[in-house]
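Nothing in this text is a laboratory measurement; each read-out follows from the coordinates by a stated rule. This is a predicted model, so every value here is computed, not measured. When we count neighbours, we look across all protein chains shown, and the Cβ atoms used for this are built from the backbone with ideal geometry, even at glycine.
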Amino acid sequence: MAGITLTQAEAQLAVWLDASTKIASGQEYEIDGRKMKRADLANVNQQIRYWDSQVKRLSGRTRVFIPGL
C-alpha cells in the first residue's frame, strides 16, 4: 500500500479544521460516526497539528502558521 498523498493529507486537514470551527461555535460535529463537542476540542487540535505536519512534509514546506494552535 502506498503512503498518504499530499491530496489526502490536505483533505484530512480540511475536515479537522472544519470540525474545529463548528465545535468552537458551539455545534456538534461528526466524523466517522463519532460525535464531538467542545470538550473534544483538544483532540481536534491535536489532529489539526498532525495533518498540518503531514501536509508540510509532503509539500516540502517547513512552516505554516495556524492561528490559535
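Using the Kirkwood formula over every pair of different C-alpha atoms, what hydrodynamic radius in Å results for segment 6-59?
Working: mean 1/r = 0.0895 Å⁻¹.
Taking every pair of different Cα atoms in segment 6-59, averaging 1/r and inverting gives 11.2 Å.
Give the long-range amide H neighbours of MET36: residues separated by 5 or more places, or on another chain, with amide H under 5 Å away, using H modelled in the peptide plane at 1.01 Å from N.
TYR29, GLU30, ILE31
Choose one of LEU41, THR21, THR7: the residue whose Cα lies farthest towards the positive end of the charge dipole of segment 6-59 (beta-carbon charges +1 Lys, Arg; -1 Asp, Glu; about the Cα centre).
Of the options given, the answer is LEU41.
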